[in-house]
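Quick notes on the structure that follows.
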Amino acid sequence: ITHGAGRVFDAWAAGLCLVERSVTYEGQAAVRLESAAKKYSGEFRILPFHHYLQGEMLVVDWSEAFAWLHDNPPRTSDIPFLAASLHHAMSRAAIIMIEHALAIFHADYVGLTGGVFMNEILTQLVVSALRERNIKPLIHEKVPPNDGGLALGQVVVASATPDEEMRQCA
């Protein structure tokens, strides 16, 4: 169980044997998965996942996809195909989550942020799907979508607060 899309990428990379027993830097497994996916340009497998509401929060359950991977150990030649397939599944899941959020908080645009949007394939797939739905995607241009962007956002919020002690921390 995880709260982050990045851990799904990490676990899928591990399932495809793209990482050793440990990684040496944050995002290493996901970078290897993206690199493998870039080697594939054909049709992809529709990976199963389920989603359900838990209160107002939409939960995406990947257990069926991981069970399938466990029951069908990949051959080396399948790795790019399965890496690309996960990227497509993750983009479908992201769109489902975005549509859920937009049903609650009506908007014509969506900000794509977080370390997972360092992934070029995922970003391109989600941006394309949003544009097809006439939803404007907001993507990072000058700051990274990962911790660097988060830190900048924290500074902006802290500088806007009336709390003098908080402003001094900014």
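Six or more apart or on different chains, Cβ under 8 Å: which pairs go from a residue in the stretch 134-154 that's closer than 17 Å to ALA5 by Cα and acidic (Asp, Glu) to one that's at pLDDT below 90 and surrounded by 12 or more Cβ atoms within 10 Å (Cβ to Cβ)? Could you list them?
These pairs meet every condition: ASP147/GLY115.
Before we move on, is LEU18 surrounded by 13 or more Cβ atoms within 10 Å (Cβ to Cβ), in contact (Cβ under 8 Å) with a residue 60 or more places away in the chain, touching a helix residue (DSSP H, G or I) at 6+ places or on another chain (Cβ under 6 Å) and not in a helix (DSSP H, G or I)?
So LEU18 fits the description; yes.
Are there strands (runs of 3 or more DSSP E) fully within the stretch 52-170 with at least 3 residues that are open to solvent by 30 Å² or more (accessible area, probe 1.4 Å) and of a type in the set (Val, Ile, Thr)? List them.
Strands (runs of 3 or more DSSP E) meeting the threshold: none at all.
Identify the residue in the stretch 21-35 that is hydrophobic (A, V, I, L, M, F, W, C) and over 12 Å from ILE79 (Cβ atoms) and, among all such residues, is surrounded by the fewest Cβ atoms within 10 Å (Cβ to Cβ). Quick ask: steps written out before the conclusion?
So in the stretch 21-35, the residues hydrophobic (A, V, I, L, M, F, W, C) come out as 23, 29-31, 33.
Retained after the next criterion (residues that are over 12 Å from ILE79 (Cβ atoms)): 23, 29-31.
Details: VAL23: 16, ALA29: 22, ALA30: 25, VAL31: 18.
Taking the candidates together, the pick is VAL23.
Which residues, taken from the stretch 36-51, are open to solvent by 60 Å² or more (accessible area, probe 1.4 Å) and closer than 23 Å to LEU112 by Cα?
Across the stretch 36-51, the qualifying residues are LYS38, HIS50, HIS51.
Please specify each residue of the stretch 108-141 satisfying the condition of being among the basic types (Lys, Arg) and over 10 Å from ILE95 (Cβ atoms). Give the derivation first.
Step one: of the stretch 108-141, the residues among the basic types (Lys, Arg) are 131, 133, 136.
Residues satisfying the conditions are ARG131, LYS136.
Which condition does GLY111 not pass, out of (1) modelled with pLDDT of 90 or more; (2) in contact with a strand residue (DSSP E or B) (Cβ under 6 Å, 6 or more places away or on another chain); (3) not charged (D, E, K, R), if it passes all the others?
Failing condition for GLY111: (1).
The values are calculated or read from the model by the stated rules, or taken from the named source; none is laboratory data. Everything numeric here is computed off the predicted structure, so don't read it as measured data. Every residue, glycine among them, receives a Cβ derived from its backbone with ideal geometry; neighbour counts consider all protein chains shown. When the accessible area is computed, the model is the full protein with side chains, heavy atoms only, and any ligands, DNA or RNA have been set aside. Shrake-Rupley method; radii C 1.70, N 1.55, O 1.52, S 1.80 Å.
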